[in-house]
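Just below is one structure, and these are the notes that go with it.
What follows draws every value from the coordinates through simple rules; no lab data is involved. Since the structure is predicted, the reported quantities are computational estimates derived from the model, not experimental observations. Reconstructed Cβ throughout: ideal geometry from the backbone, glycine too, with neighbour counts over all protein chains shown.
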Amino acid sequence: SIQQLSTVLLTNKIAATWPKLTEHEQGVAQRAILERLANSNSRGILRAVAMLANVVAQSSVLNRPWEELLPALEQAARSPVETHREAAMTLLGQLTDSLGLRLKVHYPALQALFLAGVRDPARSVRKAALGA
């Protein structure tokens, strides 16, 4: 879809552009990403947005960490919508790979989320949690 393609293209450009944005513009972009994660039901779009969110989180970590991201993912991981839970597990896995020890303070919460994902009734969520 057009939304998925535009998200992939943005993902490829955002790391170079991110430092040039003002703090306000970065906040607007982060909120838009979280809104897309919360409101999309398309598996393809959610995967693309998860990749975008991971790149933005990596770009943000040094200057102004993205404090709203983990609470939003916790909420998505508890969503009644299967694709939201799957996207949360996918993005949490990407974040643990890309940010590693920077997330150490969050390890207990992440462990609980992954454990819940492994026990999820939906196969796609369990697979995403195990893949994380």
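Tell me the volume per residue, in Å³, of the convex hull enclosing the alpha carbons of segment 66-132.
Cα convex hull per residue, to the nearest whole number: 69 Å³.
If you filter segment 66-132 for GluC sites (Glu not before Pro), then keep DSSP loop positions with at most 13 other Cβ within 10 Å, what is left?
GLU67, GLU68
Answer with a single label: of [x] 13, 46, 34, 7, 0; [y] 12, 44, 34, 10, 1; [z] 9, 21, 14, 9, 8, 8, 7, 7, 7, 5, 3, 1, which was calculated as P(r) over Cα pairs in 10 Å bins from 0, in percent from the structure in view?
[x]
Run the numbers on the chain and let me know its relative contact order in percent, using alpha-carbon pairs under 8 Å that are six or more apart.
Relative contact order of the chain: 23 percent.
Can you give the helix-only mean residue ellipticity at 222 nm for the chain, where every DSSP H stretch with n ≥ 4 adds -39500 (n - 2.57) and the sum goes over all residues, rounded to the nearest 500 deg cm²/dmol?
-24000 deg cm²/dmol
To the nearest 0.05, what FRET efficiency results for VAL28 and LEU5 with a Förster distance of 30 Å applied to their C-beta separation?
Values: r = 22 Å, r/R0 = 0.72.
Working from the Cβ atoms, E equals 0.85.
Using Cα centres only, tell me the gap between segment 42-73 and segment 94-132 in whole Å.
So the separation of the two Cα centres works out to 14 Å.
Name all residues of segment 32-53 having a backbone nitrogen under 19 Å from the label point set 7 Å from the Cα of ASN12 along its Cα→Cβ direction, giving them as ranges.
Taking a point 7 Å out along Cα→Cβ of ASN12, the residues of segment 32-53 whose backbone N falls under 19 Å are 44-53.
Expected output is a single nm value to one decimal: the length gained when fully extending between SER79 and ALA38, i.e. 0.36 nm times separation in residues minus the C-alpha distance. What is it?
Going from the current span to full extension adds 13.8 nm.
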